[in-house]
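Below: the structure, in structure tokens.
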Amino acid sequence: MKLEVPKRRLGAEAKLGIGVFGTSLALFVLRFLVPRPVAMSNNGDGGRVLCGAGITWKGLPEPFVHLAYTPAPGVPPCRPTYLLTQSWLADLAVRIGRLVGLPGTLGLVVLGLLSSVIAAAAIAAIVLGLPYSSRARLAVAAGLLLVVADSAFFGYFAAILGEGAAFLGLLLVVGGLLLTAREGWWSYAGMAVTLAGGVLAVNAKVQTLTILPILALAVLLVRPGTLRGPKRWAAAVLVVGALGAATLSAQQSVEPAVAPDGTLAELPGDDSREINVFNSIFLNIVDGRHDTQADLAELGLPPTFAQYAGNGWWHPHPATMDPLYARYRDQMTRGNVVAYFAGHPARTLEVLNRAATDQLTARPGYLGSFDQDAGFAPNAQEYRVPVVSWLTGLISPLGLFALVPIWLFVLVRAWTQRRGPLGVVLAFLFAVSVTQFGAAALGDGIEGIKHQSVALFTILLAVMLCVLPRSNGRQEPTVP
């Protein structure tokens with residue numbers, strides 16, 4: 001009789017997991033392909049993902065989606081200088097394409113289907129990891145499906161942009177952390193899923209590298225269900241060490257990038273450091289809407305740079321064209337920007353408030369959803385599942401007055417769940433969302449809505465998990 005309950009529980013868990021995976025995948029495929037495939041168009045940076053997949057592609061922002069990318073004949077292969085894990089998924093899609101007779105071609109339909117499989121598996125892992133009844137877990141699954149399938153996020157899965165891999169990695173991390181706290185072999189499976197998702201999310205973009213220390217802390221705080229004492233800490237340290245080693249290896253696997261000043265980049269993102277700081281200065285600080293001369297003096301820049309107020313790096317008339325720019329190039333540093341924001345809290349709040357509005361807006365208008373043969377206008381977008389982004393869009397004009405209460409709600413729920421693994425997961429998602437928000441808001445002045453997408457996706461995952469009742473500690477899911 002003692003063996004009957006575990007067997008019955010295992011059978012019920014298997015049915016639940018397979019059912020959630022199959023249903024999620026079917027819904028994702030229908031949402032992706034019917035009546036025609038959707039993705040997100042290239043914003044101009046897509047060549048980085050393609051290069052990592054072995055395809056050389058150069059082009060400006062494009063109003064339409066290319067459903068297939070094929071290497072141009074006679075063009076030497078490029079060497080990636082910037083790691084995005086979406087390139088790994090794209091490379092796998094290229095390899096799958098070879099099996100169906102498309103050598104060297106990246107088919108976005110294949111990429112989208114591959115991402116849909118991973119997303120469905122991640123949602124199944126989250127459901128299996130939750131220590132609640134089947135009814136509660138299915139309610140969470142429905143909420144997660146609304147977030148993942150939302151038009152603000154789903155198109156990234158079949159795109160040559162970095163955000164899709166970040167979304168998939170975060171989903172896997174949440175499922176992995178929850179599974180780690182379960183008893184038996186579930187715990188070991190959870191550690192493996194956490195590691196895989198962590199590598200995918202941390203290395204999705206330079207911006208997401210800040211997830212690494214937050215995830216390492218979460219791994220140390222989640223108590224493996226089967227391990228106690230030194231074994232518990234050894235397992236956690238092993239996962240953290242493997243995550244750090246994999247990230248270091250991945251970041252060192254690309255060619256050193258060339259920074260705008262002609263030097264080789266030593267750290268990830270160094271090739272765009274000056275560009276990001278430049279945009280933050282001339283779009284966030286010297287924006288032409290405040291005391292320009294006072295801001296220039298505060299930053300150590302000459303008064304004549306006032307003519308470039310509001311002109312970013314790619315503007316037709318940027319400060320880089322000024323004969324004095326080379327003399328003041330040393331002022332284009334993160335330290336200079338941080339010092340300014342630290343000394344001007346009112347301006348900092350203004351920038352953060354604008355970034356909060358960008359985040360809740362959810363979707364930039366310049367990323368089209370369809371290929372040119374679909375017959376839609378340039379930059380046309382699909383709205384097949386608009387529920388979550390429609391709701392956030394309604395409150396987006398409130399900026400921080402809307403976003404901060406959401407943060408506080410998640411933080412309070414994390415505290416009430418602090419005795420169980422769900423509390424660690426909610427705290428992890430909260431910390432990732434806030435740090436991604438700050439990095440995107442203050443670290444760059446362009447594409448604010450797009451750069452806030454990881455922060456928004458993360459906090460929405462947390463909100464969907466907040467509907468669960470309070471847990472008094474670790475418990476195994478109830479048998480239906």
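If we sort 207-217, 40-50 on the protection proxy, mean other Cβ atoms within 10 Å, highest first, what's the order?
Details: 207-217: 20.1, 40-50: 22.7.
Descending packing order for the listed peptides: 40-50, 207-217.
Along each principal axis of its Cα atoms, how long is the stretch 399-454 end to end? Whole angstroms, biggest number first, please.
41, 21, 14
On the first, second and third principal axes, largest extent first, how far apart are the outermost C-alpha atoms of the stretch 288-389 in Å?
50, 32, 22
Could you give the radius of gyration (one decimal) and Dmax (whole number) of the Cα atoms in the stretch 130-175, in Å?
Cα-based Rg and Dmax for the stretch 130-175 come out at 12.4, 39 Å.
Working from the alpha-carbon coordinates of the chain, get Rg over Rh, Rh being the Kirkwood radius. Kindly include the intermediate steps, with their values, before the conclusion.
Values: Rg = 23.1 Å, Rh = 23.5 Å.
Here the Rg-to-Rh quotient is 0.98.
About its Cα centre, what dipole magnitude does the chain give when the only charges are +1 on Lys and Arg Cβ and -1 on Asp and Glu Cβ, stated in debye to the nearest 20? Walk me through the numbers before you get to the answer.
Working: 35 positive and 28 negative charges, 497 e Å.
The calculation lands at about 2380 debye.
Using the per-residue mean of other Cβ atoms lying within 10 Å as a proxy for protection, in what order, highest first, do the peptides 151-158, 441-448, 425-432, 287-294 fall?
Working: 151-158: 26.5, 441-448: 20.2, 425-432: 24.8, 287-294: 13.1.
Final packing ranking: 151-158, 425-432, 441-448, 287-294.
If you place +1 on the Cβ of every Lys and Arg, -1 on the Cβ of every Asp and Glu, and leave all else neutral, what size is the dipole of the stretch 4-254 about its Cα centre, to the nearest 20 Debye? Write down the numbers at each step before the final one.
Details: 19 positive and 8 negative charges, 132 e Å.
The calculated dipole for the stretch 4-254 is roughly 640 debye.
Hey, can you grab everything whose amide H is under 5 Å from the amide H of Ala68? Only 5+ residues off in sequence or another chain; H modelled, so Pro and N-termini drop out.
Long-range HN contacts for Ala68: Leu108.
Contour minus end-to-end for Arg36 and Arg289, with contour as 0.36 nm per residue of separation and end-to-end as the Cα-Cα distance? Walk me through the numbers before you get to the answer.
Values: separation 253, 0.36 × 253 = 91.08 nm, distance 4.42 nm.
Value of the extension gain: 86.7 nm.
Expressed in nm², what is the orientationally averaged projection area of the convex hull enclosing the Cα positions of the stretch 1-120?
Numbers: hull surface 41.2 nm².
Computed as one quarter of the Cα hull surface, the answer is 10.3 nm².
Against the longest principal axis of the chain, how steep is helix 400-416, in degrees 0 to 90 to the nearest 10, with axes from Cα atoms?
30
Sort 169-179, 26-36, 118-128 for me by packing, meaning the mean count of neighbouring Cβ atoms within 10 Å per residue, highest on top. Numbers along the way, then the final one.
Numbers: 169-179: 27.8, 26-36: 15.2, 118-128: 24.5.
With the highest mean Cβ count within 10 Å placed first, the list reads 169-179, 118-128, 26-36.
So, in the chain, how many Lys pairs have Cα atoms under 24 Å apart, if the pair is 8 or more places apart or on different chains?
Values: Lys2/Lys15; Lys7/Lys15; Lys58/Lys205; Lys58/Lys450; Lys205/Lys450.
Taking the chain as the scope, the lysine pair count is 5.
Length gain on complete extension for the stretch Val338 to Lys58, per 0.36 nm per residue less the alpha carbon to alpha carbon distance? Spell out each step's value before the answer.
Working: separation 280, 0.36 × 280 = 100.80 nm, distance 3.38 nm.
Answer, rounded to one decimal: 97.4 nm.
For the stretch 287-295, in order, what is each residue's ³J(HN,Hα) by Karplus, 6.51 cos²θ - 1.76 cosθ + 1.60 with θ = phi - 60°, in whole Hz (x at glycine and Pro)?
With the stated coefficients, the stretch 287-295 comes to 9, x, 10, 10, 7, 4, 5, 5, 5 Hz.
Starting from the Cα gyration tensor of the stretch 278-325, multiply each eigenvalue by 5, take the square root, and state the resulting semi-axes largest first in whole Å. The partial results should precede the final answer.
Numbers: eigenvalues 45, 30, 14 Å².
Square roots of five times the eigenvalues give 15, 12, 8 Å.
To the nearest 10 degrees, how steeply does helix 163-180 sit against the main Cα axis of the chain, on a 0 to 90 scale?
Between the helix axis and the principal axis of the chain, the angle is about 30 degrees.
Given the C-alpha atoms of the stretch 139-250, compute the convex hull and give its volume per residue in Å³.
Working: hull volume 11.5 nm³, N = 112.
Per-residue hull volume (Cα only) is 103 Å³.
What does the convex hull of the alpha-carbon atoms of the stretch 4-254 project to on average, in nm²? Write out the running numbers ahead of the final one.
Numbers: hull surface 59.4 nm².
The directionally averaged projection comes out at 14.9 nm².
None of the figures in this text is laboratory data; all of them are computed from the coordinates on show. A quick note: this is a predicted structure, and the numbers were derived from the prediction, not measured. Using ideal geometry, Cβ is built from the backbone for each residue, glycine included, and neighbour counts are taken over all protein chains shown.
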